[in-house]
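What follows is a short report on a single structure.
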Amino acid sequence: MKPKNCLIFGASGQIGRNLIRSLTKNNIKVTALTRNIHQKGYILKTQANPGYLEIVEGSIFDYELIKKLFSKADLCVNLVGILFEKGKNTFTNIHVEFPKMISKLASTYQLEKFVHLSALGIESAEDSIYAQSKLNGEKEILNNFKKSVVVRPSIVYSVNDNFTTQLMTLLGLLPIFPIYYNGKTKFRPIHCSDLTNSITKIITDDIRENIIEFVGPEEMSFKDILEKLLNLIGKKRLLLPMPISLARASAHIFELLPRPPITNDQLKLLKYDNILSGKYKNNNDFDFNCSSRFEDEVNKYSYMWKNEGEYSKKRIN
Ligand SMILES: NC(=O)c1ccc[n+]([C@@H]2O[C@H](COP(=O)([O-])OP(=O)(O)OC[C@H]3O[C@@H](n4cnc5c(N)ncnc54)[C@H](OP(=O)(O)O)[C@@H]3O)[C@@H](O)[C@H]2O)c1
């Protein structure tokens, strides 16, 4: 059978790389748009067999280019997302205007399916601009193209993430680690390949649900996550609850950095549990396998953050 062509925006990120591998293994060709082929080309190229991946450099707002890409696509996945605003990369542009534009094109070119990555917990986080922009983007998509599937994952982890890897780096450096809201916010971390294999199934099994929430098998508070990571890297640290006024003041300073570790908007988001809403179907309602356990998976790469680095890896027979 002639392979279908899936156009991916944001393919060079954590979820994108895993998704390219999963789609191409399932005989789906991928066209990946990136802003910088020199920086991201080498990461992308190795994710698929020859002939299964086309990499295109360009801006997500180059309408003529995007239109041309849609004219050759059967499927589309949008993974573009930001956690903080910089210049023209505002939440409105990235999370609302761009999805609005491409979901209209998905309709014009009569694609078979459009999968959009949103996030869990955005309906409750009414005071977060990030969350509200994601929600508005979802509304545009569902309004513009009926064959859309909005995927709302809890926090996604893997060796390529900016979550466990950054936390382990910080836990390695800081003797005292600040925790917000007493570390009580709940998460259901999901392993990246569990999520991307499920996205592939949404496409291959032609699943038509409009919104699907995705969670991993274990519920953990932020403090539980930090304690598990500390255990995995063999370190002891003081986890110190930080008063929220102090957290806000430090976030204002971090916002001046090119890549702030935390912003005021993210602080607001952290107040809300990142677990199933109960309002929509979730991965457990489908034939998806999202059962990877957090400690088992992080154990496969956390040894690099131990004192002896690569030499502390346990031999697995
Ligand atoms: N990771 C998580 O824990 C998590 C949880 C819930 C939801 N999500 C959502 O899932 C999606 C993918 O997440 P991810 O973790 O894979 O993200 P990521 O690693 O940060 O990658 C995002 C990709 O988006 C592209 N991008 C970012 N800003 C852009 C801009 N201004 N213009 C054009 N492209 C831009 C980048 O591609 P180029 O640099 O190649 O252009 C990048 O590869 C996002 O929408 C995110 O909100 C993620």
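The values are calculated or read from the model by the stated rules, or taken from the named source; none is laboratory data. Treat the numbers as computed from the prediction; the structure is a model and nothing was measured. As a convention, Cβ positions derive from the backbone with ideal geometry for all residues, glycine included, and neighbour counts pool all protein chains shown.
I'd like the full set of residues that are assigned to a strand (DSSP E or B) and in contact with a helix residue (DSSP H, G or I) (Cβ under 9 Å, 6 or more places away or on another chain), limited to segment 43-74. Those that are assigned to a strand (DSSP E or B) and in contact with a helix residue (DSSP H, G or I) (Cβ under 9 Å, 6 or more places away or on another chain): Leu53, Ile55, Val56, Glu57. Looking at Gln110 and the list (1) in a loop (DSSP other than H, G, I, E, B); (2) within 23 Å of Pro260 (Cβ to Cβ), which single condition is not satisfied? Of (1) in a loop (DSSP other than H, G, I, E, B); (2) within 23 Å of Pro260 (Cβ to Cβ), only one is false for Gln110: (2).
Examine segment 11-20 for a residue that is part of a helix (DSSP H, G or I), surrounded by 14 or more Cβ atoms within 10 Å (Cβ to Cβ) and either more than 10 Å from the ligand (Cβ to nearest atom) or aromatic (Phe, Trp, Tyr) (or both), and state whether such a residue exists. Steps first, answer last, please.
Within segment 11-20, the first condition is being part of a helix (DSSP H, G or I), and the residues that meet it are 14-20.
From what is left, the residues that are surrounded by 14 or more Cβ atoms within 10 Å (Cβ to Cβ) are 14-20.
Retained after the next criterion (residues that are either more than 10 Å from the ligand (Cβ to nearest atom) or aromatic (Phe, Trp, Tyr) (or both)): 20.
Yes, segment 11-20 has at least one match.
(1) closer than 17 Å to Asn284 by Cα; (2) within 12 Å of the ligand (Cβ to nearest atom); (3) surrounded by fewer than 17 Cβ atoms within 10 Å (Cβ to Cβ): which one isn't true of Val215, the others all being true? Val215 satisfies every listed condition except (3). Any chance segment 67-79 includes a residue that's free of Cβ contacts under 8 Å to residues at least 12 places away in the same chain and under 27 Å from Thr108 (Cα atoms)? Yes, segment 67-79 contains a residue that is free of Cβ contacts under 8 Å to residues at least 12 places away in the same chain and under 27 Å from Thr108 (Cα atoms).
Can you tell me which of (1) touching a helix residue (DSSP H, G or I) at 6+ places or on another chain (Cβ under 7 Å); (2) crowded, with 16+ Cβ neighbours inside 10 Å; (3) assigned to a helix (DSSP H, G or I); (4) not aliphatic (A, V, I, L, M) is the one Gln132 doesn't meet? Failing condition for Gln132: (1).
Just the residues that are more than 13 Å from Ile66 (Cα to Cα), touching a helix residue (DSSP H, G or I) at 6+ places or on another chain (Cβ under 8 Å) and within 9 Å of the ligand (Cβ to nearest atom), please, taken from segment 28-42. Hits for segment 28-42: nothing passes. Checked across segment 51-61, the condition of being more than 23 Å from Val156 (Cβ to Cβ), among the acidic types (Asp, Glu) and in contact with a Lys or Arg (Cβ under 8 Å, 6 or more places away or on another chain) holds for at least one residue.
What residue, among those in segment 43-69 that are away from the ligand (no atom under 16 Å from the Cβ) and modelled with pLDDT of 95 or more, is surrounded by the most Cβ atoms within 10 Å (Cβ to Cβ)?
Applying the first criterion (away from the ligand (no atom under 16 Å from the Cβ)) to segment 43-69 yields 49-52, 64, 67-68.
If we keep only those that are modelled with pLDDT of 95 or more as well, we get 52, 64, 67-68.
Working: Tyr52: 16, Glu64: 8, Lys67: 14, Lys68: 13.
By that ranking, first place goes to Tyr52.
Please work out which residue is modelled with the lowest pLDDT, limiting yourself to segment 272-317 and to residues that are part of a loop (DSSP other than H, G, I, E, B) and hydrophobic (A, V, I, L, M, F, W, C).
Applying the first criterion (part of a loop (DSSP other than H, G, I, E, B)) to segment 272-317 yields 272-273, 275-280, 286-293, 299-301, 306-308, 313-317.
If we keep only those that are hydrophobic (A, V, I, L, M, F, W, C) too, we end up with 275-276, 286, 288, 290, 316.
Details: Ile275: 97, Leu276: 97, Phe286: 97, Phe288: 97, Cys290: 97, Ile316: 54.
Checked segment 272-317; the qualifying residue modelled with the lowest pLDDT is Ile316.
Pairs under 6 Å by beta carbon, first residue at negative phi in segment 124-136, partner of a type outside the set (S, T, N, Q) and not in a helix (DSSP H, G or I), six or more apart or different chains? Sorted first by the residue in segment 124-136, then by its partner, the pairs are Ser124/Tyr272; Ala125/Tyr272; Ala131/Ile122; Ala131/Ala125; Lys134/Ala119; Lys134/Ile122; Leu135/Ile122. Do we have Gly121 as touching a strand residue (DSSP E or B) at 6+ places or on another chain (Cβ under 6 Å) and either surrounded by fewer than 19 Cβ atoms within 10 Å (Cβ to Cβ) or not hydroxyl-bearing (Ser, Thr, Tyr) (or both) here? Answer is yes for this residue. Looking at segment 171-196 only, could you name the residues that are assigned to a helix (DSSP H, G or I), surrounded by fewer than 15 Cβ atoms within 10 Å (Cβ to Cβ) and in contact with a strand residue (DSSP E or B) (Cβ under 8 Å, 6 or more places away or on another chain)? Selection gives Asn182 alone.
The residues of segment 99-113 that are buried (at least 20 other Cβ atoms within 10 Å of the Cβ) and not polar (S, T, N, Q), listed by number, are Pro99, Ile102, Leu105, Ala106, Leu111, Lys113.
Could you please find all residues in segment 94-122 being among the hydrophobic types (A, V, I, L, M, F, W, C) and within 12 Å of the ligand (Cβ to nearest atom)?
Filtering segment 94-122 for residues among the hydrophobic types (A, V, I, L, M, F, W, C) gives 94, 96, 98, 101-102, 105-106, 111, 114-115, 117, 119-120, 122.
Result: Ile94, Phe98, Ile102, Val115, Leu117, Ala119, Leu120, Ile122.
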